[in-house]
Amino acid sequence: MKTKPVPLEVRKRSADLRRELERHNRLYYERAIPEISDQEYDGLLRELREIEKSYPSLATDDSPTRKVGGAASKHFRNVTHRVPMLHWTTPIRWMN
């Protein structure tokens, strides 16, 4: 199957969105100083997701659409939980 060519302006917008989303991830997760609202962030992510859906060749493994969050802030201390923190699907598997 032949992929459709990606217009230069779409390629540029995709790269700009990635940089912007990665910057906002750092500000939010690592520095705890967000500059935009969650709704604005979600809008940028949605736009990038639509571009990648229309042009799959632009969707890479390191895309913000394929990652959740960022590095944890260095302001948090390590703790040991009395009950292990499990993935959200674990209780569902236990129920079945």
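Details
- Taken together, Tyr29, Tyr55 contain a single residue that is in contact with a Gly (Cβ under 7 Å, 6 or more places away or on another chain), on the phi < 0 side of the Ramachandran plot and of a type in the set (Phe, Trp, Tyr), which is Tyr29.
- Looking only at region 1-46, residues that are touching a Leu at 6+ places or on another chain (Cβ under 7 Å) and surrounded by fewer than 15 Cβ atoms within 10 Å (Cβ to Cβ) come to 3 in all.
- The criterion of at least 1 residues that are modelled with pLDDT of 95 or more is met by the following helices (runs of 4 or more DSSP H) wholly inside the chain: 8-25, 38-54.
- Among residues that are over 13 Å from the mean Cα position of the chain (by Cα), charged (D, E, K, R) and under 15 Å from Leu58 (Cβ atoms), Arg11 is included.
The values are calculated or read from the model by the stated rules, or taken from the named source; none is laboratory data. In this text, all values refer to a predicted model and were calculated from it rather than measured experimentally. Backbone-built Cβ (ideal geometry, glycine too); neighbour counts: all protein chains shown.
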